[in-house]
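Asks: A single structure is presented below for examination.
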Amino acid sequence: MLLTFGVLKKTLEDWIKSDSTNSRIIARLINGDSVVDIAVGGAFYLSGFEAMWLITKRRGQDDIFDDHGLLLNDETPSGIYNDVIKAEAEQIDSSTQVGIEIWFDDGDGEIQYRIASHSYLIDEQSLIVQHDLRKNNDEYKEEFLQLFNEQYN
């Protein structure tokens with residue numbers, strides 16, 4: 001079952017109400033027998049893609065602040081909820097699909113990939129958004145897998 005904006009918002013609201021500040025959203029990438037979990041540090045809506053995107057926080061990545069000192073890659077429920085509320089102001093539908101945005105360092109800067117969420121799991125402490133790389137048939141699959149294996153294996 002695909003993760004939708006409505007499920008994401010309700011989950012975050014529930015965590016905030018129950019004061020579950022240690023709860024996290026995790027992007028889980030499945031590559032054969034290998035499974036990699038990556039922390040999600042933010043979210044935004046991109047109207048051109050008609051999807052909400054969860055932004056992965058790269059391993060060892062420093063916190064990123066905007067010009068006003070606000071934390072942009074906040075992994076907490078309230079931090080991501082702020083991003084969700086901003087996106088909701090664009091009047092997106094609760095059935096809007098939620099995907100994963102993952103960044104790699106290719107040596108010359110950074111490469112951004114946007115990938116679909118194939119399913120999700122929720123418990124009291126985590127929302128796990130899964131993407132199965134065996135289902136990924138886009139034209140950049142080989143490049144993606146190469147960078148993924150270099151940086152997460």
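The values are calculated or read from the model by the stated rules, or taken from the named source; none is laboratory data. What you see is a predicted model, and the numbers here were worked out from it, not measured in a lab. Note that each Cβ is placed from the backbone with ideal geometry, even for glycine, and that neighbours are counted across all protein chains shown. Protein only, heavy atoms only, side chains kept; ligands, DNA and RNA dropped before computing areas. Shrake-Rupley method; radii C 1.70, N 1.55, O 1.52, S 1.80 Å.
Asks: Within the range 21-40, work out how many residues are at pLDDT below 90 and either assigned to a helix (DSSP H, G or I) or at negative phi (or both). Working first, answer last.
Replies: Initially, the range 21-40 is screened for residues at pLDDT below 90, giving 21, 31-34.
Narrowing further to those that are either assigned to a helix (DSSP H, G or I) or at negative phi (or both): 21, 31, 33-34.
Result for the range 21-40: 4.
Asks: When you look at V7, is it out of contact with any Asp or Glu (no Cβ under 9 Å at 6 or more places or on another chain), surrounded by 16 or more Cβ atoms within 10 Å (Cβ to Cβ) and more than 21 Å from S94 (Cα to Cα), yes or no? Give the derivation first.
Replies: Working: out of contact with any Asp or Glu (no Cβ under 9 Å at 6 or more places or on another chain): yes; surrounded by 16 or more Cβ atoms within 10 Å (Cβ to Cβ): yes; more than 21 Å from S94 (Cα to Cα): no.
Judged against the criteria, V7 is not a match.
Asks: Quick check on my filter: what residues within the range 12-28 are closer than 16 Å to I85 by Cα and crowded, with 20+ Cβ neighbours inside 10 Å? So that I can check it myself, show each step before the final result.
Replies: Step one: filter the range 12-28 for residues closer than 16 Å to I85 by Cα, giving 12-17.
Within the range 12-28, L12, W15 meet the criteria.
Asks: Between residues in the range 20-39 that are in contact (Cβ under 8 Å) with a residue 24 or more places away in the chain and over 18 Å from K9 (Cβ atoms) and residues that are open to solvent by 30 Å² or more (accessible area, probe 1.4 Å) and of a type in the set (A, V, I, L, M), which pairs lie under 6 Å by C-beta distance while being six or more apart or on different chains?
Replies: The qualifying pairs are D37/I26.
Asks: If I go through the range 117-153 residue by residue, how many of them are touching a residue at least 60 places away in the same chain (Cβ under 8 Å), more than 15 Å from V35 (Cα to Cα) and either of a type in the set (D, E, K, R) or open to solvent by less than 80 Å² (accessible area, probe 1.4 Å) (or both)?
Replies: 4
Asks: While we're here: Only one of (1) in a helix (DSSP H, G or I); (2) more than 13 Å from the chain's Cα centre (by Cα); (3) in contact (Cβ under 8 Å) with a residue 60 or more places away in the chain fails for V84. Which number is that?
Replies: The one condition V84 does not meet is (2).
Asks: Exactly one condition in (1) open to solvent by 30 Å² or more (accessible area, probe 1.4 Å); (2) in contact with a strand residue (DSSP E or B) (Cβ under 8 Å, 6 or more places away or on another chain); (3) of a type outside the set (D, E, K, R) is not met by N82; state its number.
Replies: Every condition holds for N82 apart from (2).
Asks: Would you point out the residue of the range 40-75, among those that are over 23 Å from V7 (Cα atoms), touching a strand residue (DSSP E or B) at 6+ places or on another chain (Cβ under 9 Å) and free of Cβ contacts under 8 Å to residues at least 40 places away in the same chain, that is most open to solvent (accessible area, probe 1.4 Å)? Show your work before the answer.
Replies: Restricting attention to the range 40-75, the residues satisfying the condition of being over 23 Å from V7 (Cα atoms) are 58-71.
Among the residues that remain, those that are also touching a strand residue (DSSP E or B) at 6+ places or on another chain (Cβ under 9 Å) are: 58-59, 61, 63-65, 71.
Going one step further and asking which of them are free of Cβ contacts under 8 Å to residues at least 40 places away in the same chain, we end up with 61, 63-65, 71.
Working: Q61: 47, D63: 79, I64: 73, F65: 118, L71: 65 Å².
My answer is F65.
Asks: Which of the following residues is in contact (Cβ under 8 Å) with a residue 24 or more places away in the chain, open to solvent by 70 Å² or more (accessible area, probe 1.4 Å), outside any strand (DSSP E or B) and out of contact with any strand residue (DSSP E or B) (no Cβ under 8 Å at 6 or more places or on another chain): D108, D93?
Replies: Working: D108 fails: in contact (Cβ under 8 Å) with a residue 24 or more places away in the chain.
Going through D108, D93 in turn, the sole match is D93.
Asks: Among the candidates D37, D19, which residue alone is among the acidic types (D, E) and within 22 Å of L147 (Cβ to Cβ)?
Replies: Details: D19 fails: within 22 Å of L147 (Cβ to Cβ).
From the options D37, D19, the qualifying one is D37.
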